[in-house]
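Have a look at the structure below, then the notes.
Read-outs: derived from the displayed coordinates by stated rules, not from any lab. Note that this is a predicted model, so its numbers are computed, not measured. Here the Cβ positions follow ideal geometry from the backbone for every residue, glycine too, while neighbour counts run over all protein chains shown.
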Amino acid sequence: MTDAIVERLDALIAATRTAHLDRWLTAEDVGALLGYSPAQIRERIACRPGFPKPLRVDGGHPRWKASEIQAWAEAERERTGGRKRRAP
């Protein structure tokens, strides 16, 4: 019984992590994730070549897919050797 509960909890945790990566993030969310202010995300980071393109529904505020931001951050870490670049 205990093994079944542990397996079920593992499955639920994995599903939660996947769902989290598939959600859409605001500039505030992206900033919190990457350690920048929302203004830096909108004005300096999001315009970099290679940064994921946002979704704008009906001309609203931009939203980025969490999994794309995570992949970009990992690629940026590898490219810079783990050092945080200053926003241009």
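Some observations on this one:
- Neighbour counts of other Cβ atoms within 10 Å put 64, 72, 24 in the fewest-to-most order 24, 72, 64.
- The phi-based Karplus calculation (6.51 cos²θ - 1.76 cosθ + 1.60; θ = phi - 60°) puts the 3J(HN,Hα) values of the stretch 55-65 at 9, 10, 9, 6, x, x, 5, x, 9, 10, 6 Hz, whole numbers, x for Gly and Pro.
- Using the average count of surrounding beta-carbon atoms within 10 Å as a protection proxy, the listed peptides 46-57, 2-13 rank, highest first, as 46-57, 2-13.
- HN-Hα J in Hz across the stretch 27-42 - Karplus 6.51, -1.76, 1.60, θ = phi - 60°, x for Gly and Pro: 4, 5, 5, 5, x, 5, 5, 9, x, 10, 7, x, 5, 5, 4, 5
- Eigen-decomposition of the gyration tensor built on the alpha-carbon atoms of the stretch 19-80 gives equivalent ellipsoid semi-axes of 17, 14, 11 angstrom, largest listed first.
- Near residue 25, the amide H atoms lying under 5 Å from its own belong to 64, 65, 66; only residues 5 or more places off or on other chains count, and H is placed 1.01 Å from N.
- Extended-chain gain in nm, criterion 0.36 nm per residue less alpha-carbon gap, residue 75 and residue 39: 10.7 nm
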